[in-house]
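Below is one structure; the comments refer to it alone.
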Amino acid sequence: MKFRRTILTVAVASLAAFWGCSSNSQSAGNSAETGSPELAGILVLDDGKPAARARVQCVPEGYDAMTGTELPAAYSTETDKDGRYHLDSVPDGTYALEAYHAQSGERLLVQDIEVTEDDSVAVSDTLRAPGVLKFAGTGPSFNEGWVGVLTVLGTTIRREVVVRNDEMVFDSLPAGSLELRIFYGDSSEMRLWLQDTVPVAPGDTETIFVLDPYNGEPEIEIPHDSVTMTFVAPLALPEGVDTLKSVVTDIPIALRLTEENCNFDSLQHMTGRWEAVRVSKDGSRSKKLPVSFHELATPVYGVESKQAVLWVRVDSLNVTDSLELSYDGLLDPAYASDVFPTNRSYSLVWHFGYAVSPQTDYAEKGYFDGTAFGSVDADAITEGVVGIGVEMDSAGSFYVKESAKMDSTRSVNMSFEEDGYFCFSTWVELDALDKEQTIFEKAKEYALLYVPEKGFVVEVYHVADSSDALDTMSYKVSWASGTDGIKAGEWTYVAFSRRAFEQTVFYLNDAKVSASPEQSDWDGSKVTFSLEPSDRSDSVGVRAYFEVGGFTGKLDELMVGGCFRDETWTRLTYLNQKPENYWPQLVPRK
C-alpha cells in the first residue's frame with residue numbers, strides 16, 4: 001500500500017510542574033515514595049485553555065473495539081476545572097490514553113504508554129479538533145447501502161457508516177497516526193477490507209481513492225487535507241459600461257478560477273461543496289444561490305489546465321452588490337446545481353469541457369445530451385471562450401435524437417411555437433467567410449446559418465398543413481445580422497431572442513442588430529448535415545433532430561430555450577462570457 005504521509009506535530013502543553021513531576025509528556029518515579037497516582041496529567045485545549053470536564057480513559061494494548069467488552073470503571077475518569085486528571089488503579093501494562101472534551105468537540109489519543117509496578121507516569125498533552133477520513137471508491141468499489149466499520153487497534157474508537165455515493169466517511173477521529181482496521185460488507189457478512197496506519201490531520205479530511213478493492217489488497221494513494229477557501233466577486237459593471245436598463249433576475253454568471261486567484265494544487269481532489277450568496281451594500285446576505293463547478297480539462301477539476309469555472313445563478317442583480325463564494329471540503333457535495341433550470345426555459349445547455357461524445361446537457365433535467373457524428377471525436381476539444389470549446393468541420397456534427405417531436409409530457413422541448421418565445425446564444429469562430437454554413441438546425445423548425453453577404457442568419461420555418469385548405473404555402477421568416485463585427489478566425493457572440501416575429505433582440509458581441517424579419521417561400525428541401533435521412537428521420541422520412549454542425553471552425557457555450565431575454569440580459573451575458581476582460585472577476589478574500 002502506498003500513502004503520502006502527513007507530518008503531524010502534536011503540541012504538548014509546557015507545564016512548569018505537575019505535582020512534583022517533570023513537564024515532559026511522560027516521567028517515571030517511585031509511587032510508593034511520592035504517593036503519586038499511577039497515571040495522571042494535565043490536558044489543555046488547542047487554544048491553551050484547560051480541558052475542563054473532559055472524559056479520560058486508558059485502554060489496554062490489544063483491545064479490539066469490534067468485539068471488546070466494557071472497560072473497568074477504574075480505567076475512566078474526568079478532568080477537573082484545571083484540566084487535571086488521575087487514574088490510581090491501573091495495572092501493569094501498555095495503554096492508550098483517550099480524551100474527549102464534549103463542549104469543544106476536541107479529542108486526544110496517545111498510544112504506547114507503559115505503566116509498571118511502583119511507577120507513576122505523567123501524560124500531559126493538547127486536545128485537537130477531530131479529523132475525518134473519506135474513502136472514495138472508483139468504479140464498482142462500494143455497494144450502496146452496505147456498511148463500513150472502522151476501528152483503531154488498542155482503543156475504543158469504533159465508527160460505523162453506511163456507504164453513500166461510493167463513499168465511506170468516518171468522522172470524529174483524533175488527530176495522529178492511526179493504525180486502522182476497516183471492515184466492510186452487507187448484513188450477512190463483514191470482512192476485513194483494510195489494515196494500515198493512516199495519518200489524520202486535525203479538522204481536515206483525508207480522501208483516499210480506492211482503485212480496486214476486489215482485485216487483491218486495496219491500493220491506496222494520494223491522501224490530502226481538506227480545503228476551505230472564500231472568494232468575492234464585485235458586481236459593479238466594467239468601466240465605461242452603462243448602468244442596467246432593466247431588472248435582471250435568475251441570470252447564470254460564469255466565474256473563473258485561474259492560477260492568479262486560486263491554488264490549484266489544493267483542488268486536486270475536490271470532494272466538498274461550493275456555496276454562493278449575494279451580499280448587498282448594507283451587508284445583508286441572500287439565501288444560498290445555485291452553484292455548478294465546471295472543470296475545464298483532464299485530469300479532474302482543472303488541475304492540468306489551471307483553469308476552472310464556477311457557474312452561479314444570481315437571483316437578482318444589483319451592481320452595488322457582490323457575490324461571495326466559498327468552498328468547504330468537509331461539506332457533502334450533494335447540492336442543488338440547477339444553474340440552468342428547465343423551469344426558467346433552459347431547454348439545452350452545452351459546455352464543451354468534458355468528453356465530446358456524448359455532450360452533456362447542463363439544463364437542470366439534462367434532457368438533450370448530444371451524440372457526436374462523423375469527424376467530431378475526443379480530439380475536437382480545443383481552447384474556447386468561457387473554458388473549453390469544440391472544433392468542428394463540415395463532415396462532423398452533434399445531434400439529439402430525443403428532440404425529434406413535440407412531446408407535451410416533457411417539461412421542455414427543442415420545438416418552439418412558430419411565432420412564440422424562442423432564444424439562443426452561442427460563441428462561434430468560423431475559419432472562412434466565403435461560403436454559406438449551417439451552425440445548427442432543428443429540422444423543419446429553425447436554424448442558425450452564416451451567409452457571406454448577410455452575416456449570421458436566423459431562420460424560422462413554417463410547413464404547410466395539408467389538412468388545412470387555406471394553408472397551402474410553406475415559408476420561412478429570417479433575420480440577418482449583417483457582416484459588421486464578424487472576422488474569420490475570431491470568436492463572435494451570437495444571441496437571438498424572440499417574443500413574436502416583430503419583437504426580437506439580436507446581438508453580435510455587444511452590438512445590437514437592427515434586423516427586421518423577412519418572409520420568403522420555402523420548399524423544405526434544404527439539406528445541410530452529414531447524417532443520412534434514415535439515421536435521423538421521423539415517420540415520414542424527413543429530418544427531425546436538433547443538430548449542430550455543417551461549418552468549419554469552433555463552438556462554445558450553446559444555450560437554447562423557450563423564453564425572451566431582453567437587451568440588458570443579453571449584454572450582461574456577453575460581458576460575463578467574453579474571453580478577455582470578462583466580468584465579474586473573483587478575488588480571494590483575505
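The table for this structure:
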item: In region 159-170, residue farthest from the chain's Cα centre (by Cα) [restricted to those that are surrounded by 14 or more Cβ atoms within 10 Å (Cβ to Cβ) and within 24 Å of Gly68 (Cα to Cα)]; result: Arg159
item: Residue among Ala122, Ala99 that alone is outside the structural domain of Val200 (by TED's automatic domain parsing), at pLDDT 95 or above and aliphatic (A, V, I, L, M); result: Ala99
item: Selection within region 432-442 - more than 35 Å from the chain's Cα centre (by Cα) and either surrounded by 22 or more Cβ atoms within 10 Å (Cβ to Cβ) or of a type in the set (Asp, Glu) (or both); result: Asp434, Glu436, Gln437
item: Residue count, region 251-290 (criterion: among the β-branched types (Val, Ile, Thr) and either touching a helix residue (DSSP H, G or I) at 6+ places or on another chain (Cβ under 6 Å) or at pLDDT 90 or above (or both)); result: 4
item: Matching residues, region 219-239, being out of contact with any His (no Cβ under 6 Å at 6 or more places or on another chain), of a type outside the set (Val, Ile, Thr) and modelled with pLDDT under 80; result: Glu219, Glu221, Pro223, Asp225, Ser226
item: Residue match in region 175-185 (condition: modelled with pLDDT under 85, surrounded by 21 or more Cβ atoms within 10 Å (Cβ to Cβ) and under 27 Å from Asp46 (Cβ atoms)); result: no
item: Set Ser36, Ser23, Ser14: member being surrounded by fewer than 16 Cβ atoms within 10 Å (Cβ to Cβ) and either at pLDDT 90 or above or over 46 Å from the mean Cα position of the chain (by Cα) (or both); result: Ser23
item: For Thr151: the one exception among (1) in contact with a Lys or Arg (Cβ under 8 Å, 6 or more places away or on another chain); (2) surrounded by fewer than 21 Cβ atoms within 10 Å (Cβ to Cβ); result: (2)
item: Matching option when the condition is closer than 30 Å to Pro579 by Cα, surrounded by fewer than 17 Cβ atoms within 10 Å (Cβ to Cβ) and among the hydrophobic types (A, V, I, L, M, F, W, C), among Ala480, Ala488; result: Ala488
item: Index of the failed condition, Ser516 passing every other in (1) surrounded by 16 or more Cβ atoms within 10 Å (Cβ to Cβ); (2) touching a strand residue (DSSP E or B) at 6+ places or on another chain (Cβ under 8 Å); result: (1)
item: Residue selected from region 89-111 under the condition touching a residue at least 40 places away in the same chain (Cβ under 8 Å) and among the acidic types (Asp, Glu), by the criterion surrounded by the fewest Cβ atoms within 10 Å (Cβ to Cβ); result: Glu98
item: Residue check, Asp119 in contact with a strand residue (DSSP E or B) (Cβ under 8 Å, 6 or more places away or on another chain), closer than 24 Å to Pro91 by Cβ and either surrounded by fewer than 16 Cβ atoms within 10 Å (Cβ to Cβ) or of a type in the set (Asp, Glu) (or both); result: yes
item: Residue list for region 384-439, restricted to those being of a type in the set (Lys, Arg), over 20 Å from Phe373 (Cα atoms) and touching a residue at least 24 places away in the same chain (Cβ under 8 Å); result: Lys405, Arg410
item: Unmet criterion (only one of (1) at pLDDT 85 or above; (2) aliphatic (A, V, I, L, M); (3) surrounded by fewer than 18 Cβ atoms within 10 Å (Cβ to Cβ)) for Leu555; result: (3)
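Every residue, every condition in (1) modelled with pLDDT of 90 or more; (2) buried (at least 18 other Cβ atoms within 10 Å of the Cβ); (3) of a type in the set (Phe, Trp, Tyr); (4) in the same structural domain as Met168 (by TED's automatic domain parsing), yes or no:
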| residue | (1), (2), (3), (4) |
| --- | --- |
| Ala336 | no, no, no, no |
| Phe352 | no, yes, yes, no |
| Ala355 | no, no, no, no |
| Thr382 | no, no, no, no |
| Val386 | no, yes, no, no |
| Gly389 | no, yes, no, no |
| Lys405 | no, no, no, no |
| Phe424 | yes, yes, yes, no |
| Leu430 | yes, yes, no, no |
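The values are calculated or read from the model by the stated rules, or taken from the named source; none is laboratory data. Keep in mind that this is a model prediction, so the values were computed, not measured. Neighbour counts run over all protein chains shown; Cβ positions are idealised from the backbone, glycine included.
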